[in-house]
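Trainee: Below is the structure I would like to discuss, written out as structure tokens.
A short reminder: the numbers here are calculations on the coordinates, not readings from a lab. What you see is a predicted model, and the numbers here were worked out from it, not measured in a lab. Cβ atoms come from the backbone with ideal geometry, glycine included; neighbour counts cover every protein chain shown.
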Amino acid sequence: MVVRDPFCGMPVDPEKSKFKVEVWGKVYYFCNERCMHGFLEAPRIAYFSMEIGIKSEIPTYSGGLGVLAGDTIRSSADLKIPLVAVTLVSRKGYLKQRITEKGEQIGSPDEWNPSKFMSLLPSDVRVRIKGRDIGIRAWLYEHQSLTGGVVPVVFLDTDIEKNAPEDRAITDYLYGGDDKYRLKQEIVLGIGGIKILEALNLNIKKYHMNEGHSSLLTLELLRNNGMNPDKVRNQCAFTTHTPVEAAFDKFSYDTVQELLESEYPLEILKEFGGRDRLNMTLLALNLSQHVNGVTTAHMNYSQKLFPGYHISAITNGVYSYLWTCQYFRKLYDKYIPGWANEPELLVRVDPIPDDELWDAHLLAKNDLFNFCKERTDIELDIDILTIGFARRATEYKRATLLFSDLMRLKKINKRGKIQLIFAGKAHPKDLGGKMLIKKIYDYMTQLKDEITIVYLENYNIDIATKLTSGVDVWLNTPLPPFEASGTSGMKAAHNGVMNFSVLDGWWIEGCIEGVTGWSIGPPPDEIIGDKERRTRELDDLYSKLEYIIIPTFYKMRDEWMDLMTNSIGKIAYYFNSHRMMRRYVTEAYL
């Protein structure tokens, strides 16, 4: 048996290797002494994220933020970036979704057992919350790349017998409970995470906060550095993902004092986290040397929200190998060798024959339709233009915009048949998001004799890989400027699927009109009223669907194939997490 050296990636025969070490209950083998010491002693980047999407069976993510964190880990392992990730175990997950025949979402715990996927680390620590010492243990999941790179993911867990029942439940639900429950979780993630890393004797060079949920780690770093903010800033990087001020986590100082008591001086909290309430984004901004948004547009919005701060932009990307379906992987392996670890090589897509691209697309489409039939008992026609829309069900995503004018939609459908596939979960407390799902089910009934509509329940990573590769067009209709980035369209592009989207988030950078896909509505910097913007969006949505997209799909196959090729060669080659992580290394970590 041959294994990979986790430091350099070289093949190693465990029986012949002279260099091995047991760490965290596992034996690692190395090709030489330098690699062994490098693995043990090299400075690491600690990547903190409230949610991380590793795989569907580990439901510790709710949507784009967690899936992006998973892609960050995958690319870091491929590129051998010395990352260690820290998150919460979220034993009862985010939400297991069931939808009734009337479109009513019924949620239940999505429970899982960490012992089936990871090992329990020997170290545990304590944090003080509400006057009690709360024990935290950690589970270790290792993501190992085929290149040999390894990224450990540490899952923090308070479900320990010595803890009080209410404290054992702190790491149960992702984004569950009230403000006090959320703040307890953020104390465990930020402060407890720092203490676990110290207990594991890891040499941490940088602390990367993926959104503000983990920014309490800065308080522990302040205490460890003699309350010197400059020393803390030199150790911290912060990525904000939210383009609206109202969405930032904020806690009243009464709640903060009730839970943290005198653990950290109140004046320090107010100095760096805001005078009126503890603003977790502001805390991270004030104590990070590097701050970035996730697209150029998001950077500009963030600068307006926080004038006086230097905020850069590192546009998000997706992990190419995961989000490329098996049929396109085979094509790329054949015509673009090396693409999986150098996704920028996808720019060389032109030599792939159109008939082979189309055959691969039809195979992916057939897989999706078989899955839909299995899950919903609804038959879809492989020859019909299929539009996909799948993302978190919340009002600003505007999942029902396409149905704004049913008479026009029916007229368009007579010009060229369409069928629609939806998916997405609403947060248990998001009544507006739940209502969107119900409305889609109402439209399914109203249009059942003309347009086939499928809603796939319990959307997860596995379903997303099928959807983004199996539809013909990927629709996205957020209300600007609420889409900081968005990444599902990037996944679609890796499979030659066209994007049809409002100009917000990443699509402002990715859209070349009529070349990589199509825009909906005016550009975000055009100053117009909300009513006029919506009017122009609807006119664009229906007109381009009727007069450009449908005729091109049904009558101009050569032009459609050019669009598929452009999606891959002009979008997928750039909007990938390998490029993203190289940017983080050079701009945030070094």
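Trainee: Distance check, please: which entries in Lys180/Lys439; Lys55/Lys184; Lys18/Lys231; Lys130/Lys438 exceed 29 angstrom between their Cα atoms? Walk me through the numbers before you get to the answer.
Mentor: On the way: Lys180/Lys439 33 Å; Lys55/Lys184 26 Å; Lys18/Lys231 40 Å; Lys130/Lys438 41 Å.
The answer is Lys180/Lys439; Lys18/Lys231; Lys130/Lys438.
Trainee: Let me ask something else about it. Kindly write out, for segment 141-147 in residue order, the coupling ³J(HN,Hα) from the Karplus curve 6.51 cos²θ - 1.76 cosθ + 1.60 (θ = phi - 60°), rounded to whole Hz, with x marking Gly and Pro.
Mentor: 10, 10, 9, 10, 7, 5, 7
Trainee: Contact order normalised by length for segment 84-164, with contacts defined as Cα pairs under 8 Å and 6 or more residues apart; what percent is it?
Mentor: Values: 134 pairs, mean separation 24.6, N = 81.
Once normalised by length, the contact order is 30 percent.
Trainee: Could I ask something else about it? Relative contact order for the chain: what percent, with Cα pairs under 8 Å and sequence separation of 6 or more? Intermediate results must be reported in sequence, preceding the final value.
Mentor: On the way: 1204 pairs, mean separation 78.4, N = 590.
This gives 13 percent for the chain.
Trainee: Let me ask you something else. Reachable aspartates and glutamates from Lys162, Cα under 20 Å, same-chain residues fewer than 8 places away excluded?
Mentor: Answer for Lys162, where 20 Å is the Cα cut-off: Asp124, Asp133, Asp172, listed by chain and number.
Trainee: Further, regarding this structure: Considering Cα pairs under 8 angstrom that are at least six residues apart, work out the relative contact order of segment 43-314 and quote it in whole percent. Walk me through the intermediate numbers first.
Mentor: Values: 558 pairs, mean separation 47.0, N = 272.
Answer for segment 43-314 is 17 percent.
Trainee: Within segment 303-395, report the GluC sites (Glu not before Pro) that DSSP leaves as loop and that have at most 16 other Cβ atoms within 10 Å. Don't skip to the answer; put the middle values down first.
Mentor: Values: sites: Glu344, Glu356, Glu374, Glu379, Glu395; in loops: Glu379.
In loop regions of segment 303-395 (DSSP not H, G, I, E or B), the sparsely surrounded GluC sites (Glu not before Pro) are Glu379.
Trainee: Also, quick follow-up: Using only the Cα atoms of segment 43-314, what do you get for the radius of gyration and for Dmax, in Å?
Mentor: Values for segment 43-314 (Cα only, Rg and Dmax): 18.0, 60 Å.
Trainee: To continue, here is another question. May I ask you to list the GluC sites (Glu not before Pro) in segment 415-524 that are in a DSSP loop and have at most 15 other Cβ atoms within 10 Å of their Cβ? Could the numbers behind the result be given before it?
Mentor: On the way: sites: Glu450, Glu457, Glu483, Glu509, Glu513; in loops: Glu450, Glu457, Glu483.
In loop regions of segment 415-524 (DSSP not H, G, I, E or B), the sparsely surrounded GluC sites (Glu not before Pro) are Glu450.
Trainee: Amide H to amide H, which residues 5 or more places from Val12 or on other chains are under 5 Å from it, using H placed in the peptide plane?
Mentor: Val3, Arg4, Asp5
Trainee: To the nearest 20 debye, what charge dipole does the chain have about its Cα centre, counting +1 at the Cβ of each Lys and Arg and -1 at the Cβ of each Asp and Glu?
Mentor: My answer is approximately 460 debye.
Trainee: If you place +1 on the Cβ of every Lys and Arg, -1 on the Cβ of every Asp and Glu, and leave all else neutral, what size is the dipole of segment 405-517 about its Cα centre, to the nearest 20 Debye?
Mentor: On the way: 14 positive and 12 negative charges, 94 e Å.
Using only the charged Cβ atoms, the result is roughly 460 debye.
Trainee: At 222 nm, what value in deg cm²/dmol follows for the chain if DSSP H runs of at least 4 each add -39500 (n - 2.57) and the sum is divided by all its residues, to the nearest 500? If you can, show how the numbers build up before the last one.
Mentor: Working: 23 runs with 213 residues, N = 590.
So the calculated ellipticity at 222 nm is -10500 deg cm²/dmol.
Trainee: Answer with one residue from Leu219, Pro243, His143: the one whose Cα lies farthest towards the positive end of the charge dipole of segment 134-253, charges on Cβ with Lys, Arg +1 and Asp, Glu -1.
Mentor: Leu219
Trainee: List the lysines whose alpha-carbon lies under 22 Å from that of Lys544, not counting same-chain residues fewer than 8 positions away?
Mentor: Lys397, Lys410, Lys411, Lys414, Lys417, Lys531, Lys555, Lys570
Trainee: Now for a separate question. Over the alpha-carbon set of the chain, divide Rg by the Kirkwood Rh and report the Rg/Rh ratio to two decimals. Please report the intermediate quantities before stating the final value.
Mentor: Working: Rg = 24.3 Å, Rh = 25.0 Å.
Radius of gyration over Kirkwood radius for the chain works out to 0.97.
Trainee: Per-residue HN-Hα couplings for segment 222-238, Karplus 6.51 cos²θ - 1.76 cosθ + 1.60 at θ = phi - 60°, whole Hz, x for Gly and Pro?
Mentor: Using θ = phi - 60°, the values come out as 4, 5, 6, 10, x, 6, 8, x, 5, 5, 5, 4, 5, 9, 10, 10, 9 Hz.
Trainee: So, how do all the Cα-to-Cα distances of segment 1-42 break down into 10 Å bins, in percent, from 0 on up?
Mentor: Binned Cα distances yield the sequence 34, 60, 6.
Trainee: Would you list, by chain and number, the aspartates and glutamates whose Cα falls below 16 Å from the Cα of Lys205, excluding same-chain residues fewer than 8 positions away?
Mentor: Glu41, Glu220, Asp230, Glu587
Trainee: Work out the length of the dipole vector of segment 1-42 about its Cα centre, built from +1 on the beta-carbon of each Lys and Arg and -1 on the beta-carbon of each Asp and Glu, and round it to the nearest 20 debye. All intermediate terms of the calculation are to be shown ahead of the outcome.
Mentor: Working: 6 positive and 6 negative charges, 9 e Å.
It works out to roughly 40 debye.
Trainee: Can you give me the long-range amide H partners of Val86? Hydrogens built in the peptide plane at 1.01 Å from N, cutoff under 5 Å, separation of 5 or more residues or another chain.
Mentor: Tyr47, Phe48, Ser49, Val154
Trainee: Roughly what % of DSSP beta bridges within the chain run antiparallel, to the nearest 5?
Mentor: On the way: 30 of 76 bridges.
Antiparallel bridges make up about 40 percent of those DSSP assigns within the chain.
Trainee: Got a sec to turn the phi values of segment 318-331 into Karplus ³J(HN,Hα) couplings, 6.51 cos²θ - 1.76 cosθ + 1.60 with θ = phi - 60°, whole Hz, x for Gly and Pro?
Mentor: Once θ is set to phi - 60°, the couplings for segment 318-331 become 10, 6, 4, 5, 5, 8, 9, 5, 4, 6, 6, 4, 4, 4 Hz.
Trainee: Then there's this: Which of the GluC sites (Glu not before Pro) found in segment 114-169 are loop residues per DSSP with 11 or fewer other Cβ atoms within 10 Å of their Cβ? Mind showing how you got there, number by number?
Mentor: Values: sites: Glu142, Glu161, Glu166; in loops: Glu161.
Answer in residue order: Glu161.
Trainee: Taking a threshold of 21 Å on the Cα-Cα distance, which of the pairs Lys96/Lys116; Lys96/Lys448; Lys20/Lys116 fall above it? Provide the component values of the computation, followed by the final result.
Mentor: Values: Lys96/Lys116 19 Å; Lys96/Lys448 27 Å; Lys20/Lys116 26 Å.
Beyond 21 Å: Lys96/Lys448; Lys20/Lys116.
Trainee: Just name one of Ser108, Leu120, Leu79: the one whose Cα is farthest towards the positive end of the charge dipole of segment 43-314 (beta-carbon charges, Lys/Arg +1, Asp/Glu -1).
Mentor: Leu79
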